[in-house]
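What follows is a single structure, written as structure tokens, with notes after it.
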Amino acid sequence: SPWPNYGEKPKTNTPEVKAWVKSIDWSKVPKLPIRHTDSPGDPPECPQKEVPEGDCWWTCSGCYAPDDVVDCPGKNDWGLTFDDGPEPGVTENYFSLLKEKNVTATFFVTGMKSTKAPWLLQETIDQGHHLASHTWSHSGLTTLTNEEIVAELKWTEKYIFDHTGYKIKYFRPPYGDIDNRVRAIARQLGFKTVIWSNEWDTQDWQLSENTITSKQIVGIFNSGLKSLPDRKKGVITLQHD
Ligand SMILES: [Zn+2]
């Protein structure tokens, strides 16, 4: 296969990645530290000392950049988003339910998962939904080198383009893990960063770890609904397929 391996970070010593890396003006990318993680692929551990404000490291200080997308413009808009697919046998169920409810959503897919079910990419578009990127291997991006970040974003873009003809524009960093180094790279590659609205992580990913019940998730959602009248903008909610 010409594509990076399933479950691995894409290699950086290939001609494709070298060309993508060359296309970037590295003088515009801040030299922030590569963040530490005990297990590669996982989100970083937050340091004991305070994170410099200029890093705007969401994971460890909750900082958003002015161009991060975290809300919907209209008060009554709902940005329904599903991460980590496509997942054959699950994603199709969402398609049916969404069609029944006449709702469209954004699916933030990973490149590696897409290689297991490439037909679901075109199907997402045919169903009227929006495809976006969730990187190739779902690693914490702030723990990666500059070259690895480029490879994560560009391989996913290329895979989706080759299988649908669409060039994706929006990306969501796995675990929301982003700082100003990652942002500077993503911007130059033409991506807009999407996180999710404060307090609208449904925690549904914990279902697979049995650390939450579906009833509790509905409870989180319903308590969020109570805060809606106080919000000036619509919410982007985080779910998983
Ligand atoms: Zn994810």
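The values are calculated or read from the model by the stated rules, or taken from the named source; none is laboratory data. What you see is a predicted model, and the numbers here were worked out from it, not measured in a lab. FYI the Cβ positions are ideal-geometry reconstructions off the backbone, even for glycines, and counts take in every protein chain you see.
The table that follows gives values for the structure above.
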{"quantity": "Any hit, the stretch 57-64, residues being among the hydroxyl-bearing types (S, T, Y) and within 16 Å of the ligand (Cβ to nearest atom)", "calculated": "yes"}
{"quantity": "D38 being within 19 Å of L144 (Cβ to Cβ), acidic (D, E) and out of contact with any His (no Cβ under 9 Å at 6 or more places or on another chain)", "calculated": "yes"}
{"quantity": "Failed item in (1) under 17 Å from G85 (Cβ atoms); (2) touching a residue at least 12 places away in the same chain (Cβ under 8 Å); (3) assigned to a helix (DSSP H, G or I), with S208 passing the rest", "calculated": "(2)"}
{"quantity": "Subset tally (residues that are more than 16 Å from the ligand (Cβ to nearest atom) and either hydroxyl-bearing (S, T, Y) or at pLDDT below 95 (or both)) for the stretch 90-101", "calculated": "1"}
{"quantity": "The listed residue being β-branched (V, I, T) and at pLDDT below 95, out of V51, V21, V17, V69", "calculated": "V51"}
{"quantity": "Any chance T156 is on the phi < 0 side of the Ramachandran plot, surrounded by 14 or more Cβ atoms within 10 Å (Cβ to Cβ) and part of a strand (DSSP E or B)", "calculated": "no"}
{"quantity": "So F191, is it more than 13 Å from the ligand (Cβ to nearest atom), touching a helix residue (DSSP H, G or I) at 6+ places or on another chain (Cβ under 7 Å) and under 28 Å from W119 (Cβ atoms)", "calculated": "yes"}
{"quantity": "Test: residue in the stretch 50-61 that is out of contact with any Pro (no Cβ under 6 Å at 6 or more places or on another chain), outside any helix (DSSP H, G or I), closer than 16 Å to I195 by Cβ and not charged (D, E, K, R)", "calculated": "yes"}
{"quantity": "Matching residues in the stretch 94-150 - criterion: being in a loop (DSSP other than H, G, I, E, B) and in contact with a Lys or Arg (Cβ under 9 Å, 6 or more places away or on another chain)", "calculated": "Q127, G128, H134, T135, W136, S137, H138, S139, G140, L144"}
{"quantity": "Scope the stretch 179-205; condition part of a loop (DSSP other than H, G, I, E, B), among the hydrophobic types (A, V, I, L, M, F, W, C) and farther than 23 Å from A105 by Cα; matching residues", "calculated": "L189"}
{"quantity": "Single unsatisfied condition, W78 versus (1) more than 15 Å from the ligand (Cβ to nearest atom); (2) closer than 24 Å to K9 by Cα; (3) within 18 Å of the chain's Cα centre (by Cα)", "calculated": "(2)"}
{"quantity": "Of all residues making up the stretch 134-156, the number that are acidic (D, E) and within 13 Å of the ligand (Cβ to nearest atom)", "calculated": "1"}
{"quantity": "Residue in the stretch 225-236 that is buried (at least 16 other Cβ atoms within 10 Å of the Cβ), without any contact (Cβ under 8 Å) to a residue 60 or more places away in the chain and either within 16 Å of the ligand (Cβ to nearest atom) or in a helix (DSSP H, G or I) (or both) present", "calculated": "no"}
{"quantity": "Output for the stretch 163-188, where each listed residue is over 15 Å from W136 (Cβ atoms), away from the ligand (no atom under 16 Å from the Cβ) and either buried (at least 22 other Cβ atoms within 10 Å of the Cβ) or touching a residue at least 24 places away in the same chain (Cβ under 8 Å) (or both)", "calculated": "T164, Y166, K169, D179, N180, R181, R183, A184, R187, Q188"}
